[in-house]
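The values are calculated or read from the model by the stated rules, or taken from the named source; none is laboratory data. What you see is a predicted model, and the numbers here were worked out from it, not measured in a lab. So basically every Cβ, Gly included, is an ideal-geometry build from the backbone, and we count neighbours across all protein chains shown.
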Amino acid sequence: MVNGDAGASSNSAPHAQRTQIEAEMQRLQQDARACAEKIQNFMLQEDPAQGIFYAQEIHGLRQEKLRLEVEADLLQKRLNRMAHEEAP
């Protein structure tokens, strides 16, 4: 009976970990979309004729967006690896 309980808890632990990773991926993807929107807004606000530029802000946001996308990609790869390891 004790072994059955241990198996049940070991099955729920990876499931909980997958759920947590998926939630983190969703957050990262949402943050990346927010960065893309901010980039677009800064680009629309630029006015070269009046000397209004947001190059530093746009560059920083592009770096942040890329970082978020890479982190989400790494989490996806972790999920894929976990699924592969659990496959019979």
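Observations on the structure shown:
- Of all residues in segment 27-44, those satisfying the criterion of being in contact (Cβ under 8 Å) with a residue 40 or more places away in the chain and either over 15 Å from Glu71 (Cα atoms) or of a type in the set (A, V, I, L, M, F, W, C) (or both) are Leu28, Ala32.
- Residue in segment 66-86 that is more than 25 Å from Ala16 (Cβ to Cβ) and loosely packed, with under 12 Cβ neighbours inside 10 Å present: no
- Qualifying residue in segment 42-50 (condition: in a loop (DSSP other than H, G, I, E, B), among the acidic types (Asp, Glu) and modelled with pLDDT of 90 or more): yes
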